[in-house]
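Chemist: Can you keep this structure in mind? I'll have questions shortly.
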Amino acid sequence: MKQPKPLALRVYGRLARALAPVWRWGLRWRLQRGKETEASIQQKLGLHMAARPAGPLVWGHAVGVGESMALAGLFARLAPLRPELNFLITTTARTSGDALRRNGLPPRCQHQFAPVDTPEATARFLDHWQPVLAVWCEMDLWPALMDGTDERHIPRVLVNARLSAASLAKRRWGRWIYQALLPGFRHIFAQNTDTVDALVSLGAVRERTSVSGTIKSLSPALACDADTLSAWQQALGSRPVWLLASSHPGEEALALQAHAWLREAQPDALLIVAPRIPTRGTEVRTLCGPETPLRSASAPLPTSAGVYVADTVGEMGLWYRLAPVALVGGSIATVGGHNPFEPLALGCAVLHGPNVWNFAESYQSLDVQGLSQPVSDAQQLAAAVARAWAEPTPRQDRRPADAQVDAMLAQLQAHLN
């Protein structure tokens, strides 16, 4: 006998259907501001979708660039194990779709935008794609879309789940919807035990929830233009280079102090500063000095200046290839740290500050293995960069093997059988 739909989902479905005109208005508003295209709007409304390949298809959904790249890495690992499968990754933001296309989708994989969360749009999407498995990445959970997968008896799993105490507190107001959604996951793969406990408190089934670590370690290596890389390598010659990656206010000043000490021993040393928010480029150049080249201001190659501000989007693959060592930002500032696996995938040594709670388990493991190193002040930073220059390592993928991820892949395959 079919179980009645939870009251929370019935109420949400009626509300979502009533708000469909608001979704359409919102998409048009975003189009006027350059945040959508006509094609993305049509896909989000479930009207004109990409062609579906023949055969079984696994669908994964993510919201941000990091999450979508992690899904791409997961599907790249799954593809050779299951050659009969095709893959689809959906995102809500154009930046995520652009990142996937720029860095390369896995074999037999395509991207399109996720439908808006109305019963009509999600029904059109699911009827077109007919996935045999739905993989949700992190906590971007859309009730109407998930309800539609359940109605069609499509198994769904949640990967890379992470909830901090602050995030859990914010979600408690919506406990009623989580209690309706979380029990429907065949399995939930969380990044740590705290997240397992948090999800169970919101309604997840503990017996179907386990720790698998982060899948961001699987993300494909960031791409870059080969001609641009070659031009930079020729322009740099033998100059020692290091990188401040994804920096936040306060971190540039510390890096500049360390760089001043490094240039006493290596006068031609170059520091590349890539601010997390590219629009801070002019602000960062003010700190560095008025003669500092600015990537966004038509400074395509380094000059004899000691600092270069890389204030563009989508070029981190270039900077990580040029620098043998990087301080990954957000870790000196109280931001929580950024992804250490992006530089490691390109053979770049990783330094970080004390504030790395976004990747706490990853940095702890990497520190123990000697694949990353904590620094707390400019003196330690300068010393660590100097050691990396003195002891160069081969330019190869330095990400460690992860048995937890292998176990997760095995469980995913079990849901396909």
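The values are calculated or read from the model by the stated rules, or taken from the named source; none is laboratory data. On a predicted model such as this, the values are computed, not experimentally measured, just so you know. Cβ coordinates were reconstructed from backbone atoms using ideal geometry, including for glycine residues, and neighbour counts include every protein chain displayed. The protein model used for the area step is the full one, side chains on, heavy atoms only, and it has no ligands, DNA or RNA in it. Shrake-Rupley method; radii C 1.70, N 1.55, O 1.52, S 1.80 Å.
Chemist: Under 14 Å from the Cβ of S331, count the other residues' Cβ atoms, weight Lys and Arg +1, Asp and Glu -1, and hand me the total. Numbers along the way, then the final one.
Modeler: Numbers: positive: R276; negative: E251, E252, E342, D367, D377.
Combined, the nearby Lys, Arg, Asp and Glu give -4.
Chemist: What order do you get for 174-183, 214-223 when each peptide is scored by the mean count of other beta carbon atoms within 10 Å, highest first?
Modeler: Working: 174-183: 17.7, 214-223: 22.3.
Top of the packing list down: 214-223, 174-183.
Chemist: Plugging the Kirkwood radius over Cα pairs into Stokes-Einstein for segment 1-108, at a temperature of 4 °C and a viscosity of 1.567 mPa s, what D comes out in µm²/s? Could the numbers behind the result be given before it?
Modeler: Numbers: Rh = 16.2 Å.
Roughly 80 µm²/s, to the nearest whole number.
Chemist: For a protection proxy built on the mean count of beta-carbon atoms within 10 angstrom, sort 38-44, 264-270, 242-248, 405-411 highest first, please. Please report the intermediate quantities before stating the final value.
Modeler: On the way: 38-44: 17.3, 264-270: 14.1, 242-248: 26.6, 405-411: 15.7.
Those peptides, ordered most packed to least, come out 242-248, 38-44, 405-411, 264-270.
Chemist: So, one more: Quote the FRET efficiency, to the nearest 0.05, computed for L229 versus V368 with a Förster distance R0 of 51 Å and r equal to the Cβ-Cβ distance.
Modeler: On the way: r = 32 Å, r/R0 = 0.63.
Efficiency at R0 = 51 Å is approximately 0.95.
Chemist: Also, I was wondering about something else. So how exposed is K35, as accessible area in Å² (1.4 Å probe, rounded to 10)?
Modeler: Its heavy atoms expose roughly 100 Å² to the probe.
Chemist: Shifting gears a bit: How do 271-279, 160-168 rank on mean C-beta neighbours within 10 Å, highest first?
Modeler: Highest-to-lowest ranking by the protection proxy: 271-279, 160-168.
Chemist: Normalized C-alpha radius of gyration of segment 114-187, against 2.2 N^0.38 Å? All intermediate terms of the calculation are to be shown ahead of the outcome.
Modeler: Details: Rg = 12.7 Å, N = 74, 2.2 N^0.38 = 11.3 Å.
Relative to the 2.2 N^0.38 Å estimate, segment 114-187 comes out at 1.13.
Chemist: Which value at 222 nm does the chain reach when only helices count, each DSSP H run of 4 or more adding -39,500 (n - 2.57), with the total divided by all residues and rounded to the nearest 500 deg cm²/dmol?
Modeler: Numbers: 18 runs with 180 residues, N = 417.
After summing the helix terms and dividing by residue count, I get -12500 deg cm²/dmol.
Chemist: On full extension of the chain, what length is gained from A305 through A260, given 0.36 nm per residue of separation minus the C-alpha to C-alpha distance? Numbers along the way, then the final one.
Modeler: On the way: separation 45, 0.36 × 45 = 16.20 nm, distance 1.24 nm.
Going from the current span to full extension adds 15.0 nm.
Chemist: How far is the Cα center of segment 263-313 from the Cα center of segment 166-227, in Å?
Modeler: Their Cα centres are 38 Å away from one another.
Chemist: For E342, what is the net charge nearby, where nearby means another residue's Cβ is under 13 Å from its Cβ and Lys, Arg count +1, Asp, Glu -1?
Modeler: +3
Chemist: R10 versus A383, label points 7 Å from Cα toward the beta carbon: distance in nm?
Modeler: 6.7
Chemist: Give, as a single signed number, the net charge of other residues whose beta carbon lies under 11 Å from the beta carbon of Q110, with Lys and Arg counted +1 and Asp and Glu -1. Working shown, then result.
Modeler: Working: positive: R52, R101, R108; negative: none.
Neighbour charge sum, excluding Q110 itself: +3.
Chemist: Could you order C224, C109 by accessible surface area, starting with the largest, using a probe radius of 1.4 Å? Before the final figure, lay out the partial values.
Modeler: Details: C224 45, C109 20 Å².
My answer, sorted largest first, is C224, C109.
Chemist: What's the extension gain from T393 to A410 if we count 0.36 nm per residue and subtract their Cα-Cα distance? All intermediate terms of the calculation are to be shown ahead of the outcome.
Modeler: Numbers: separation 17, 0.36 × 17 = 6.12 nm, distance 3.31 nm.
Length gained between T393 and A410: 2.8 nm.
Chemist: What order do T195, T92, T303 take when sorted by accessible area (1.4 Å probe), most exposed first?
Modeler: The residues order as T303, T92, T195, largest area first.
Chemist: While we're here: With an 8 Å Cα cut-off and a minimum separation of 6 or more residues, compute the relative contact order for segment 290-407 in percent. Spell out each step's value before the answer.
Modeler: On the way: 159 pairs, mean separation 24.3, N = 118.
Value for segment 290-407: 21 percent.
Chemist: According to the Cα gyration tensor, what semi-axes, each the square root of 5 times an eigenvalue, does the equivalent ellipsoid of the chain have, listed from largest to smallest in whole Å? Don't jump to the answer; show the numbers that get you there.
Modeler: Working: eigenvalues 333, 107, 82 Å².
The equivalent ellipsoid of the chain has semi-axes of 41, 23, 20 Å.
Chemist: So, one more: Given the protein chains as shown and a 1.4 Å probe, how many square angstrom of W136 are accessible, to the nearest 10?
Modeler: Rounded to the nearest 10, the figure is 0 Å².
Chemist: So what is the accessible area of the chain per residue, in Å², with the probe set to 1.4 Å? Please list the in-between numbers first.
Modeler: Values: 18210 Å² over 417 residues.
Normalised by residue count, the accessible surface of the chain is 44 Å².
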